Protein chains: 2
Amino acid sequence: MTDKTYPKTERTKLHLLPKRGSYDKAVVHAIIDEALIAHVGFCAADGRPVVLPTAIARIGETLIVHGSVISRMMKTLAGGVPLCLTVTHVDGLVLAKSAFHHSMNYRSVTVFGEARVIEDPAAKEAALRALTDHIAPGRWEHLRPVTAKEVKATTALEIDLVEAVAKVRSGPPVDDAEDLDWPVFAGVVPLRLARDEPVPA
Amino acid sequence: MTDKTYPKTERTKLHLLPKRGSYDKAVVHAIIDEALIAHVGFCAADGRPVVLPTAIARIGETLIVHGSVISRMMKTLAGGVPLCLTVTHVDGLVLAKSAFHHSMNYRSVTVFGEARVIEDPAAKEAALRALTDHIAPGRWEHLRPVTAKEVKATTALEIDLVEAVAKVRSGPPVDDAEDLDWPVFAGVVPLRLARDEPVPA
């Protein structure tokens, strides 16, 4: 761990394909910043896991999530339970000569930690602004200003980035040498999230 | 619950926006079948949650996931621990006149259950075939056939679809009437996962 990397912990250490892992803060941040949503998981009161999608934004070394004050997930996370939050971009289908070597190109980040409620009014407004500007940069300042009632109806949570790991696979399939002449296409089908023309309301 | 719907349980009941929920098997299946990956969550031995992305396929009322026999996640899930698996498609950015009414259009499915190891050789091969054909329909029969060693090195798991719920938001932003003349664009930015031209290996 340095000021540019996250520590490699028992939970963030990759046992299977360590070369796919990165603890570089710049790599982790870039993957988070491109993500529209994360899947956040926690163990509910009954001890069973729950995984739900939620919008995210990042302010420095802090992740922001939000929701209605009456949301069950928000109430649970606000209690400071351990959580795990993962964002994933699927960048391509990796088609090999054999089923065994099929794969996907992807970039993911997994964060372990817990959430804190953002109580300070200025910090809470900054968090809500970050969420809005995350999906449409610079948009916040053009919007009808938030009201006290709206802010009160929203829970904003922050999660410190202290235990995080990126996983990245890229490039072509890795086939067995003896399969290279097998008569089927092998390569990558690139995937990307396309934004189409906005549809006015 | 009918033969065409999943039961509404305490965990799959939507408290906040029930109109977004669907227990219709056809709706749930369609969302799963379009998904390349799911985020699967479980509570680890230390009681803390873990959420990881994994490829999925569906055979009837069963979800299939797979991985290396030495993967920690596969070993944990193979033990039959409670799991939660969510797939999400983000279909659009919903830009409103106020930050409060911003949203995303999405389709998600959340499944609660547990996994079983597929031991039967024919069922295991069918599961691996389903995973391959899920990303490239009809591809399996053209590939170099799987070897016994490859099958042995892979854990295939099945998860019964018995407790599942779809959540769907679609359509334009829902703004407050008094904001409709606020001078900022409001509408939807459609998003879709685009497949570009295959790149041969």
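The values are calculated or read from the model by the stated rules, or taken from the named source; none is laboratory data. Because the structure is predicted, anything quoted here is derived from the model rather than measured. Neighbour counts are summed over all protein chains in view; Cβ atoms, including those assigned to glycine, are modelled from backbone coordinates with ideal geometry. To get the accessible areas, we keep the full protein, side chains included, count just its heavy atoms, and leave off ligands, DNA and RNA. Shrake-Rupley method; radii C 1.70, N 1.55, O 1.52, S 1.80 Å.
Ignoring ligands, DNA and RNA, what percent of the accessible area of chain B is carbon or sulfur (1.4 Å)?
Here it works out to 57 percent.
Using Cα-Cα distances under 8 Å and only pairs 6 or more residues apart, what relative contact order does chain A have, in percent? Mind dumping the intermediate values first?
Working: 364 pairs, mean separation 56.1, N = 201.
Once normalised by length, the contact order is 28 percent.
Which of the aspartates and glutamates could a cross-linker bridge to B:Lys124, judged by Cα under 12 Å and excluding same-chain residues fewer than eight apart?
B:Glu150, B:Glu158
Expressed as an acute angle from 0 to 90° and rounded to the nearest 10, what is the orientation of the C-alpha long axis of helix B:25-34 relative to the principal long axis of chain B?
In chain B, helix B:25-34 runs at an angle near 80 degrees to the longest axis.
Can you list residues whose amide H is under 5 Å from A:Ile59's amide H, if they're 5+ apart or on another chain and H is modeled 1.01 Å from N?
Under 5 Å from the amide H of A:Ile59 lie the amide H atoms of A:Ile64, each far enough along the sequence or on another chain.
So which of B:Lys25/B:Lys167; B:Lys75/B:Lys167; A:Lys8/B:Lys149 end up more than 24 Å apart by C-alpha?
B:Lys75/B:Lys167; A:Lys8/B:Lys149
Let me know the mean shielding of B:147-153 by other chains, meaning the per-residue number of their Cβ atoms within 10 Å of its Cβ.
Counting Cβ atoms of other protein chains within 10 Å of each residue's Cβ and averaging gives 2.
Using a probe radius of 1.4 Å on heavy atoms only, what accessible surface per residue do you get for chain A? Whole Å² is fine.
Averaged over the residues of chain A, the accessible area is 47 Å².
Could you work out the local net charge near B:Arg11, counting Lys and Arg as +1, Asp and Glu as -1, over the other residues with Cβ closer than 9 Å to its Cβ?
Neighbour charge sum, excluding B:Arg11 itself: -1.
With a ≥ b ≥ c taken as the square roots of the eigenvalues of the C-alpha gyration tensor of segment B:18-170, please select rounded if a/c is under 1.5 and otherwise prolate if a/b is larger than b/c or oblate if it is not?
Taking the square roots of the gyration eigenvalues as a ≥ b ≥ c, segment B:18-170 is prolate.
Going 7 Å from Cα along the Cα-Cβ axis for the label, what nanometre distances separate A:Pro7 from the same residue across the other copies?
4.5
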